[in-house]
1. Add -39500 (n - 2.57) for each DSSP H run of 4 or more in the chain, then divide by its residues: what number comes out at 222 nm, to the nearest 500 deg cm²/dmol?
2. Can you tell me what share of the DSSP beta bridges in the chain is antiparallel? A percent to the nearest 5 is fine.
3. Which one of 188, 57, 141 has its Cα pushed farthest toward the positive end of the charge dipole of the chain, where Lys and Arg give +1 and Asp and Glu give -1 at the Cβ?
4. Taking 45 Å as R0, compute the FRET efficiency from the Cβ-Cβ separation of residue 26 and residue 219 and round it to 0.05.
5. Where Lys and Arg each count +1 and Asp and Glu each count -1, what net charge lies around residue 170 among other residues with Cβ under 14 Å from its Cβ?
6. Using only alpha carbon positions, build the gyration tensor of segment 67-108, then give the equivalent ellipsoid semi-axes as the square roots of 5 times its eigenvalues, largest first, whole angstrom.
7. Between rounded, prolate and oblate, where does segment 156-215 land on the alpha carbon gyration tensor, with a ≥ b ≥ c its root eigenvalues, rounded for a/c under 1.5, else prolate if a/b exceeds b/c?
8. Taking 20 °C and 1.002 mPa s as the conditions, I'd like the Stokes-Einstein D for segment 1-111 in µm²/s, using the Kirkwood hydrodynamic radius from alpha carbon pairs.
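Just so you know, all these numbers are worked out from the coordinates, no wet-lab data involved. Keep in mind that this is a model prediction, so the values were computed, not measured. Because the Cβ atoms are built from the backbone with ideal geometry, glycine has one as well, and the counts that use them run over all protein chains shown.
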Amino acid sequence: MKKILVIGIGPGHPDQITVQAIRALRAVDVFFVIDKRKETADLVRLRHELCERYATTRPHRFVTIPDPPRDRTAAGYEEAVGDWHRRRAAAIGDAIAAELRDGETGGFLAWGDPTLYDSILRILEQVTAAGAALEYDVVPGVTSVQALAASHRIPLNRIGEPVLITTGRKLAAGWPEGADTVAVMLDGTGVFADLPDDVGDDDLEIYWGAYVGTDDELLVHGPVRDVADEIVRTRADARARNGWIMDTYLLRRHRTEDAAGSE
Ligand SMILES: C[S@@+](CC[C@H](N)C(=O)[O-])C[C@H]1O[C@@H](n2cnc3c(N)ncnc32)[C@H](O)[C@@H]1O
């Protein structure tokens, strides 16, 4: 039987990794690295560095899996993503079949935590459903949302209140009903700077962070109407400087905390 470990490696700082993840890294014979695009070469390098630093107790090898291109012009978003995941699953299934021997352990390093906005678990489900004889386990990691809150030194939730995690694409369609704290990921365009009418920015506070947890970390906090332009500029400069950016932000409506609630 082949074994796969899906290991959450945190959002970028080599110290933001759990002891369980380090143990898992040390059990891997073959690291599978999905090479997404040219501009993420830095992220591929970071994964290699983590392995060099922690996977020191046994010989291992790397197998790079080129990511199939995604059709960003397709009209149906869900359909296009579904098709892309199927092609990615086929590429990953083929790589596991060809490169991992029976009795060996393969590893996928998932940025942050593998269960949050990451397709690897859905893909492995497809690979096993297609008949591959393998078992897999998941090692959790620190998410970028947790790292963002830590860097800003804020609790994620208001007392006794929920937190909603969503994408820039969803936020662009309107403010999530009933939420007053919203964490936004995967926002390629900076939706915070041009919020839909129903959101308004009169009473909205933003806690923004890019490359959170790393040496390049950038943080901005303030009322959206005061700091949105600064974030747009900071974001554009950083993207131009590094060739890529990963940023996350928390939006919170202003109101007096309900002291009667529980944590
Ligand atoms: C594909 S999702 C992966 C999320 C990841 N699984 C997690 O647990 O954070 C990528 C998004 O995560 C966020 N992200 C990941 N690492 C980040 C970091 N170091 N700083 C800020 N945002 C980050 C960004 O919103 C980015 O668009």
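1. For the chain, the value works out to -10000 deg cm²/dmol.
2. 40
3. Of the candidates, 57 comes out farthest on the positive side.
4. About 0.85, to the nearest 0.05.
5. -3
6. 29, 8, 7
7. Oblate.
8. 143
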